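Visitor: Sharing a structure below in structure tokens format, with a few things to ask.
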Amino acid sequence: MKEKTHLGKQLLSILVPCYNEEAVLPAFYQRTSQVIADIPRYDFQFIFVNDGSKDHTLDVMRELREKDSRVSYVNLSRNFGKEIAMIAGIDYLTGDAAIIMDADLQDPPELIPEMIYWWEKGYQDVSAKRRSRAGESFFKKWSSHAFYTLLQKVSDVPMQRDVGDFRLLDRQCLNALRLMRESQRYTKGLFS
Ligand code: UDP
Ligand code: MG
């Protein structure tokens, strides 16, 4: 079980890698803010990582930061890809745990309370699994299936299927991830 040694509130970081998300980032911030407003027993911080966006994502981040000091952002010099953007954010966030989310609201923020519930039960890595892949093309479903099948053939590490990067990671997991500095990252495998 997780020991609560802190006297003050614990801090939860919401980490969001962003590439060309100017259109959706304000809505993401709005909806997620509403969800966390109902969880006053924790402090929250947003860590947005601008992964070399070519649109005005960085300006949106600056605006959010101006009106909400819980917002911080990391600005990468070019597009490095989501995997690198995630570890950059993990390097900077200071929470007791972090929730990693996509900006496009495909990861519903309404699940955050349930993820916290399991964390409080002592689970250090809480992942959200997709119930269906509805809306995805036949090719995407087929290629995803083939990918996991092949991956399990070549790897001894058991890998969860249909689990994205939407998860809550405890500080201990975050610190462990920070030690893995490979530049060709497969974060889902590293999580496992
Ligand atoms: N993303 C990123 N760098 C990239 C591509 C994507 O940081 O080079 C971010 C993107 O802004 C989003 C998340 O990673 O928050 C997932 O991207 P996307 O929705 O395009 O992926 P998919 O839904 O296909 O997994
Ligand atoms: Mg997406």
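The values are calculated or read from the model by the stated rules, or taken from the named source; none is laboratory data. Just so you know, these numbers come straight off a predicted model, no measurement behind them. So basically every Cβ, Gly included, is an ideal-geometry build from the backbone, and we count neighbours across all protein chains shown. SASA here: full protein model, heavy atoms, side chains in, ligands and nucleic acids out. Shrake-Rupley method; radii C 1.70, N 1.55, O 1.52, S 1.80 Å.
Visitor: Determine the per residue accessible area of the chain with all protein chains present and a 1.4 angstrom probe, expressed in square angstrom.
Guide: Using a 1.4 Å probe on heavy atoms only, each residue of the chain averages 56 Å².
Visitor: Kirkwood Rh over Cα pairs of the range 128-192 into Stokes-Einstein at 37 °C, 0.692 mPa s: D in µm²/s?
Guide: For these conditions, the coefficient is 242 µm²/s.
Visitor: Which whole-number percentage describes the relative contact order of the range 1-160, with Cα contacts under 8 Å and a sequence gap of 6 or more?
Guide: 29 percent
Visitor: Across the Cα atoms of the range 76-138, what radius of gyration and what greatest pairwise Cα-Cα distance (Dmax) are found, in Å?
Guide: Here Rg and the maximum Cα pair distance are 14.3, 40 Å.
Visitor: Here is a follow-up. Give the share of C-alpha pairs in each 10 angstrom bin for the chain, from 0 to the last occupied bin, in whole percents, shortest bins first.
Guide: 8, 35, 37, 17, 2, 0
Visitor: Restrict the search to the range 84-183; then list the GluC sites (Glu not before Pro) that DSSP places in a loop and that have at most 11 other Cβ atoms within 10 Å of their Cβ.
Guide: Those satisfying the criteria are Glu182.
Visitor: Still on this structure, please answer the following. Run the quick spin-label model on Ser137 and Leu179: label points 7 Å from Cα toward the beta carbon, then report their separation in nm to one decimal.
Guide: Here the answer is 4.2 nm between the modelled labels.
Visitor: List the lysines whose Cα lies under 28 Å from the Cα of Lys153, skipping any in the same chain that are fewer than 8 positions away.
Guide: Lys82, Lys129, Lys140, Lys141, Lys188
Visitor: Of all trypsin sites (Lys or Arg not before Pro) in the range 114-192, which ones are in loop regions per DSSP and have a Cβ with at most 13 other Cβ atoms within 10 Å?
Guide: Passing both the DSSP loop test and the Cβ count: Lys121, Arg131, Arg133, Arg161, Arg181.
Visitor: What do you get for Rg/Rh of the range 58-102 when both radii come from the Cα atoms and Rh is the Kirkwood radius?
Guide: Answer for the range 58-102: 0.96.
Visitor: Please list, by residue number, every one of the trypsin sites (Lys or Arg not before Pro) in the range 1-108 that is coil in DSSP and has at most 10 other beta-carbon atoms within 10 Å.
Guide: Passing sites in the range 1-108 are Lys4, Arg41, Lys54, Arg78.
Visitor: Leaving ligands, DNA and RNA out of it, report the carbon-plus-sulfur percent of the accessible area of the chain at a 1.4 Å probe.
Guide: 53 percent
Visitor: Can you sort Ser77, Ser137 by 1.4 Å-probe accessible area, starting with the largest? Write out the running numbers ahead of the final one.
Guide: Details: Ser77 110, Ser137 65 Å².
Ranked list, largest accessible area first: Ser77, Ser137.
Visitor: Apply 1/(1 + (r/R0)^6) to the Cβ-Cβ distance of Ile39 and Thr94, taking R0 = 25 Å, and write down the FRET efficiency to the nearest 0.05.
Guide: With R0 = 25 Å, the Cβ-Cβ based efficiency is 0.90.
Visitor: In deg cm²/dmol and to the nearest 500, what is the mean residue ellipticity at 222 nm of the chain if only DSSP H runs of at least 4 residues count, each as -39500 (n - 2.57), divided by the residue total?
Guide: Helix contribution divided over all residues of the chain: -11500 deg cm²/dmol.
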